[in-house]
1. In this structure, is residue 176 on the phi > 0 side of the Ramachandran plot and open to solvent by 60 Å² or more (accessible area, probe 1.4 Å)?
2. What's the number of the only condition in (1) out of contact with any Lys or Arg (no Cβ under 6 Å at 6 or more places or on another chain); (2) of a type outside the set (Ser, Thr, Tyr); (3) surrounded by 13 or more Cβ atoms within 10 Å (Cβ to Cβ) that residue 100 fails to meet?
3. Are any residues in region 88-97 over 29 Å from residue 516 (Cα atoms), in contact with a Phe, Trp or Tyr (Cβ under 6 Å, 6 or more places away or on another chain) and either aliphatic (A, V, I, L, M) or surrounded by 17 or more Cβ atoms within 10 Å (Cβ to Cβ) (or both), and if so, which ones?
4. Can you tell me which residues in region 346-359 are in contact with a helix residue (DSSP H, G or I) (Cβ under 8 Å, 6 or more places away or on another chain) and either more than 25 Å from residue 175 (Cα to Cα) or open to solvent by less than 20 Å² (accessible area, probe 1.4 Å) (or both)?
5. Restricting the first residue to region 90-105 and requiring it to be within 16 Å of residue 170 (Cα to Cα), which pairs with a second residue that is among the aliphatic types (A, V, I, L, M) and in a loop (DSSP other than H, G, I, E, B) meet a Cβ separation below 7 Å and a spacing of at least six or different chains?
6. Residues that are open to solvent by less than 50 Å² (accessible area, probe 1.4 Å), in contact with a His (Cβ under 9 Å, 6 or more places away or on another chain) and not β-branched (Val, Ile, Thr): does region 119-128 have at least one?
7. Look through 496, 489, 517, 552 and report the one residue that is at pLDDT below 80, basic (Lys, Arg) and out of contact with any strand residue (DSSP E or B) (no Cβ under 6 Å at 6 or more places or on another chain).
8. Mind counting the residues in region 383-408 that are closer than 23 Å to residue 170 by Cβ, surrounded by fewer than 15 Cβ atoms within 10 Å (Cβ to Cβ) and not aliphatic (A, V, I, L, M)?
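The values are calculated or read from the model by the stated rules, or taken from the named source; none is laboratory data. Given the structure is predicted, the values throughout are model-derived calculations rather than measurements. Here the Cβ positions follow ideal geometry from the backbone for every residue, glycine too, while neighbour counts run over all protein chains shown. With ligands, DNA and RNA removed, areas are computed over all heavy atoms of the protein, side chains included. Shrake-Rupley method; radii C 1.70, N 1.55, O 1.52, S 1.80 Å.
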Amino acid sequence: MKKVLAFKILLVLGLSVAFTSCKKSSSSKNSSRATGWNINSKDGGFQYNSDFKEQETSPGLVFIEGGTFTKGRVQDDVMHDWNNTPNQQHVQSFYMDETEVTNAMYMEYLDWIKRVYPPSDENFRAIYHGALPDTLVWRNRLGFNEVMTENYLRHPGYGEYPVVGVSWIQAVEFANWRSDRVNEYNLEKAGYLKRDAKILDVSSDQNFNTDTYINAPTLTYGGNEEIINPDGRAKRNVRTDADGNETNIYATRETGIITPKYRLPTETEWEYAALGLTEVRSFNLYRGRKKYPWDGQYTRSGKRKTRGDQKANFKQGKGDYGGIAGWSDDGADITNAVRSYEPNDYGLYDMAGNVAEWVADVYRPIVDDEFNDFNYYRGNVYTKNALNEDGSVKIVTVDDIVYDTLSNGKVVARNLPGEILQVPVDENETYLRSNFDKSNEINFRDGDKRSSRYYESFNDDENDGENKSTTGKMYNSPKHNTTRDESGKIVREYDKGNDRTSLINDEVRVYKGGSWKDREYWLDPAQRRYFPQDMATDYIGFRCAMSRVGSKSKSKNKTKS
């Protein structure tokens, strides 16, 4: 009896200590270590998500833990490009699409545009047509490929195949659209947006944009209060402060609900993810070099069950796009369905073969000798929100959609209704800064006057006279001009200059990885090529990436409570 009584007393004491500890922990978590004030008080004051654990993995992505590697180290250079200067890089942790963006995924994007900006409306026709992939990329003057021209994008038989015929610009616009749709859904689940408004209430003048919601939430969905301030306030923790004002009506970055944006991976990120170096790591050292996303020096599997099977989809020789039918075949003649081959150690599929992939970087044949060794990237163009005279952000309406006429005459929309108009940063952001000094930094130390061997002028004005000792000596590719006359007809003016020496300019982007149309040589993740950003092919697709916020690792170095 005494033992039972003693056990009950110990149990009560244990529960009391645990309750006190939990209460103390909860209390300390909601009090400021800076001021001692309460955080998330019902009476108002500072509101912050103190329960946030880590960034959730967004749809389609896998986590890539960052680290150090040697970028640009290739096994072979039979092309003698010498554009892969090896350099040690550190990559911050990020996320990347498990597979290439498929036809089905891109069709969902086209369906949304068609519903919100119907092409039957003359005001919106260019939006839908500008987003359409170029299906004519399949045509060849001496080949019969009409079945792909007519079916590859839309037929469900190709639904899980990687989308092609998409330019770099179109890939960027898809990533922007995807960011908005994912955040729109996250806010709906959290109770900040009306349920199913994304389908039932969306229109050209009433839709969702992430930046608009963060900067001016009352202007989201055209200011429709029923959508942006729905019932169910308890779910999103709406409170009333001492003065009777409601707080927490709209989600902010502090809630942790709004994710970073989908985007194209940088070249450094893509190469790091493709290599999957965890496979050849021993403790804190790499025990060798990798030629492919998989370990080993061969393209065929050495495993007992799959011995002899090709590990990627590529061109095996002249007139040989898949091998002899049967055992030796790689399973595809053109592209193949994603996940048809084994993933690399990060869980990424088709990082070699199938289709080559756009990355974010502007192409240069060299890596600057003073390259940044942390998240290297060339292509930064810094912008800021345009403001109205009253200081509010300027929202694009259906009457001032921003279109861009590409060099091939195609028109694409670059700013859609509901988005915040972007303008270049100016002296307010650059004055006395040491890390950047202008809006467009694409040519930093590479192609501006100071980096040219012909630089002699002491005048910093880039537009001074006809001095051609600038970029023209280095990256002077043909400049074809495409405009429209008063009737809307396309006027094409071809550059017929005889002094052009390069195909490189600030509008060519890097693409990585071999494709179904490439030989084995291009399967090396360090190989790099370039293509105009406003043109498309039948062998270049893309996948999206997303930055990681918070901890570098998902499993290590957790803070002890």
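1. No, not satisfied.
2. (1)
3. Filtering region 88-97 for residues over 29 Å from residue 516 (Cα atoms) gives 88-90, 92-93.
Checking the rest, the ones that are also in contact with a Phe, Trp or Tyr (Cβ under 6 Å, 6 or more places away or on another chain) come to 89-90.
Residue satisfying the conditions is 89 alone.
4. Within region 346-359, 348, 351, 352, 353, 356, 357, 358, 359 qualify.
5. 100/338; 100/355; 101/163; 102/163; 102/338; 103/153; 103/163
6. There is at least one residue in region 119-128 that is open to solvent by less than 50 Å² (accessible area, probe 1.4 Å), in contact with a His (Cβ under 9 Å, 6 or more places away or on another chain) and not β-branched (Val, Ile, Thr).
7. Of the residues listed, the single one that is at pLDDT below 80, basic (Lys, Arg) and out of contact with any strand residue (DSSP E or B) (no Cβ under 6 Å at 6 or more places or on another chain) is 489.
8. So in region 383-408, the residues closer than 23 Å to residue 170 by Cβ come out as 383, 396, 398, 400-408.
Then drop every residue that is not surrounded by fewer than 15 Cβ atoms within 10 Å (Cβ to Cβ), which leaves 383, 400, 402-404.
Next cut, not aliphatic (A, V, I, L, M) only: 383, 400, 403-404.
So the count comes out to 4.
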